[in-house]
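Notes follow the structure.
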Protein chains: 4
Amino acid sequence: MTLADHAAPAPRPGRRADAERNRAAIIEAATVVFAECGGGVDVREIARRSGVGMGTLYRHFPTKDELLATVLEQQLDTWLTDAYRQAVATEDPWRALTGFFEQLLGNQAGNRAVVESYTATGGPGSACVQRCYALIDQLRVRCADAGVLRPGVTTDDLFLLSGALSQAVLTTAESHPGQWRRLLRISLDGLSSRNAEPLP
Amino acid sequence: MTLADHAAPAPRPGRRADAERNRAAIIEAATVVFAECGGGVDVREIARRSGVGMGTLYRHFPTKDELLATVLEQQLDTWLTDAYRQAVATEDPWRALTGFFEQLLGNQAGNRAVVESYTATGGPGSACVQRCYALIDQLRVRCADAGVLRPGVTTDDLFLLSGALSQAVLTTAESHPGQWRRLLRISLDGLSSRNAEPLP
Amino acid sequence: MTLADHAAPAPRPGRRADAERNRAAIIEAATVVFAECGGGVDVREIARRSGVGMGTLYRHFPTKDELLATVLEQQLDTWLTDAYRQAVATEDPWRALTGFFEQLLGNQAGNRAVVESYTATGGPGSACVQRCYALIDQLRVRCADAGVLRPGVTTDDLFLLSGALSQAVLTTAESHPGQWRRLLRISLDGLSSRNAEPLP
Amino acid sequence: MTLADHAAPAPRPGRRADAERNRAAIIEAATVVFAECGGGVDVREIARRSGVGMGTLYRHFPTKDELLATVLEQQLDTWLTDAYRQAVATEDPWRALTGFFEQLLGNQAGNRAVVESYTATGGPGSACVQRCYALIDQLRVRCADAGVLRPGVTTDDLFLLSGALSQAVLTTAESHPGQWRRLLRISLDGLSSRNAEPLP
DNA sequence: CATGAATGAGTATTCATTCAT
DNA sequence: GATGAATGAATACTCATTCAT
């Protein structure tokens, strides 16, 4: 898997320029609106902020859910790409893992819809979740090979941790921004090989 | 603070018996329904399962939110009472803290509305949150005094952790029940005084 | 089968008076509106003319289709009852059959929705269609026993004829009202035993 | 009136060839789609099956109704031409009339839009209806002159009969294909001079 | 006081038609 | 001329809350 596979906005050939611009406007507006208001917002609000009519919106995304999914996937994808880029550039396996979490979570601050989707299904859609899972798995293996990871820790554990922490990120987004970093540090310390007790 | 302050149903004087019975029935039904379906359920479903009419329901709780809050408060109150009872009965401060989390989270397994409320406001309502916060504070102090708690850990940290973990409880309720215990163990290990690095 | 089974408006016990009044108002308005505009009308129009809110309408009829079906059934039921009453009171079997058709079709003049439903499914709903079918069957047997009916004519034939003629009733409702009676007469004459050639 | 007047596609001079080809493609697709799905189909479906864009479709037919009318006219025109050809080739006036109906109705089997249009306006559009009416009139006169037609039967009667029977054709298209022929036979027998009673 | 019927603004989605490319 | 993207009013249905019985 390479970075380029996901970072590009995927310009479809033979597509009219303004259509592509509208599609982008819709996604951009939806990203903001979903993040601010959660998945329950009125579709009209998104259309309004996109500057397009309802029909246009529904031409590009045949369902509100599809739009939501697209936004979530793209959002998470961007974050994953950023986080992964930094992780591979980091020599120390443990720092790579730590940095990955920090970056991924830092991006989610205040994004209601993403966290909601974690709540509902355990992930915003299989394609993207799988990628996230795969990345975490890579990082876990590096740490395990280096002997810095607590024995018995699974990728599932790390993945679940990311979900739980994104909840914390959201909860504290307004009242105590940044407090989640303390929780992250605590959890990661619990994951270090210095804690050798078997997990339940 | 004593247990009795909160555990009793607070019988209001001059209240007809059947009114009290209705109120109890509403809360009982709402507890089940909110837990199963989340805060988004139709109020009618609650009225139906309570066996009372809509008017009665709205006489006791002028708003859906008020009913939700009441249910959450009572729910959490019960759990806190249980958890606290066990905590005070436990000599070892660390075990007391551990047991408290375990019991509190174990109760939340599958309760959609409670976790949702953590998501939305950072807590299910001030009165109850304060009590929870106070209990956690007591447990933290005991651990800190005994020197078993990582230095610098605040009550806010522990409280936020409880919220994050309830998210994990819910996420895995159906697919991987019990996996949250591993996360709890990891986090708590990160809280032990064996990890002495300062938190961010 | 007796007349009373269907003619009564079926007052449900324990039902609030105004609810029943509303239900009646809705059906009445819907009957008019569906007849005038066909099944495609906006539900709001029916609510408006009923003098009730949308919610009330949907409380009584959970679906537009259900309302439409109810109206059609009741409409047809009333007509059937009228037509049947006259038929049984008529000694001569052939006149009974003739009168039945005449009365049934005469009622349908200008009712768009009823004819539409015949178009779509071959009948406005099984319960009522079955009754209609059964009545026609009775009349057919009487005629056949009396030897006045063309041999080989089935109830299906008569039933289909009624549908085809209701189409004619509607078509000519405004431009040539009453012309359908000529068609009815022609068809019925073709059904008399004076025409003995076998049907295809 | 000759056949050639109507059967030809009326090539408009100064028209580019591909425009004419598009127009033909649209009509062809629309014919199929309207027949299958009725007049309520989405115009897009027709554009899709035509292989042309919406703009092209609306350039040729400024309105959906206009397209529908065109299709119906051409459709009926073709059928009429066929039916007429056979009618003039038939010596016996009664057989000519009978064959005309049979052929016309046989073509309509399963064509939703045509029957719908009969329902709505009493005919698919004046030009074509007039031709149909004229043909029926010719056949009626032949029969009347030969003394095989029931006295008093008008062209209006026959025309209305054709509409009523097309309803029957559609109704039974799927469940009892061919049953309409029995009804046709019955009605035509009612039209024979053997039935001499005056019509209402 | 209990009941549950009534309310009506709000929501996602469709489709005939127009217009920029 | 052709294309198909954009438009936006229209439509069926929901649900928190009120109020007549």
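The values are calculated or read from the model by the stated rules, or taken from the named source; none is laboratory data. In this text the structure is predicted, and so the values were computed from the model without any measurement. Methodologically, a virtual Cβ is constructed for each residue, glycine included, from the backbone with ideal geometry; neighbour enumeration extends over all protein chains shown. Quick note on the areas: whole protein, heavy atoms, side chains included, nothing else; ligands and nucleic acids left out. Shrake-Rupley method; radii C 1.70, N 1.55, O 1.52, S 1.80 Å.
Some notes on this structure:
- Condition check for D:Leu67: outside any loop (DSSP other than H, G, I, E, B), within 12 Å of DNA strand E (Cβ to nearest atom), touching a helix residue (DSSP H, G or I) at 6+ places or on another chain (Cβ under 8 Å) and under 22 Å from D:Asn107 (Cα atoms): yes
- Listed by first and then second residue, the pairs linking a residue in region A:44-56 that is open to solvent by 50 Å² or more (accessible area, probe 1.4 Å) to a residue that is near DNA strand F (Cβ under 6 Å from one of its atoms), with Cβ atoms under 8 Å apart and 6 or more places separating them unless they lie on different chains, are A:Arg44/A:Met54.
- Here A:Phe101 meets the list (1) under 27 Å from B:Arg181 (Cβ atoms); (2) open to solvent by 10 Å² or more (accessible area, probe 1.4 Å); (3) modelled with pLDDT of 90 or more almost entirely, failing just condition (2).
- Some residue of region B:88-103 being within 12 Å of DNA strand E (Cβ to nearest atom) and either touching a strand residue (DSSP E or B) at 6+ places or on another chain (Cβ under 8 Å) or away from chain A (no Cβ under 14 Å) (or both): no
- Selection of region B:164-177 for residues being in contact (Cβ under 8 Å) with a residue 24 or more places away in the chain, open to solvent by 10 Å² or more (accessible area, probe 1.4 Å) and within 7 Å of chain A (Cβ to nearest Cβ) yields only B:Leu170.
- Residue tally, condition away from every other protein chain (no Cβ under 14 Å) and either in a helix (DSSP H, G or I) or more than 12 Å from DNA strand E (Cβ to nearest atom) (or both), over region C:37-64: 15
- Members of region C:30-43 that are aliphatic (A, V, I, L, M), within 15 Å of C:Gln108 (Cα to Cα) and without any contact (Cβ under 8 Å) to a residue 60 or more places away in the chain: C:Val32, C:Val33
- Residue match in region A:92-104 (condition: of a type in the set (S, T, N, Q), touching a residue at least 60 places away in the same chain (Cβ under 8 Å) and over 24 Å from B:Leu170 (Cα atoms)): yes
- Flag for B:Thr90 being β-branched (Val, Ile, Thr), in a helix (DSSP H, G or I) and out of contact with any Asp or Glu (no Cβ under 9 Å at 6 or more places or on another chain): no
- Residue within region B:179-186 that is over 22 Å from A:Leu199 (Cα atoms) and among the basic types (Lys, Arg) present: no
- For D:Arg23, the test of being over 30 Å from D:Val141 (Cβ atoms) and touching a His at 6+ places or on another chain (Cβ under 6 Å) is passed.
- Any hit, region C:23-32, residues being within 14 Å of another protein chain (Cβ to nearest Cβ) and either within 11 Å of DNA strand F (Cβ to nearest atom) or open to solvent by less than 40 Å² (accessible area, probe 1.4 Å) (or both): no
- Taken over region B:141-154, the residue count meeting the criterion of being open to solvent by less than 10 Å² (accessible area, probe 1.4 Å) and assigned to a helix (DSSP H, G or I) is 1.
- Residues that are within 14 Å of B:Gly106 (Cβ to Cβ), in contact with a helix residue (DSSP H, G or I) (Cβ under 9 Å, 6 or more places away or on another chain) and more than 7 Å from chain A (Cβ to nearest Cβ), drawn from region B:178-194: B:Trp180, B:Leu184
- In region C:77-86, the count of residues that are farther than 15 Å from C:Gln130 by Cα, within 16 Å of DNA strand F (Cβ to nearest atom) and assigned to a helix (DSSP H, G or I) is zero.
- Some residue of region A:28-41 being modelled with pLDDT under 95 and either touching a Gly at 6+ places or on another chain (Cβ under 6 Å) or farther than 30 Å from A:Gly178 by Cβ (or both): no
- Among the residues of region C:7-27, those identified as modelled with pLDDT under 80 and within 13 Å of C:Arg59 (Cβ to Cβ) are C:Arg15, C:Arg16.
- For B:Phe61, the conditions (1) open to solvent by 60 Å² or more (accessible area, probe 1.4 Å); (2) aromatic (Phe, Trp, Tyr); (3) within 16 Å of DNA strand F (Cβ to nearest atom) all hold with the exception of (1).
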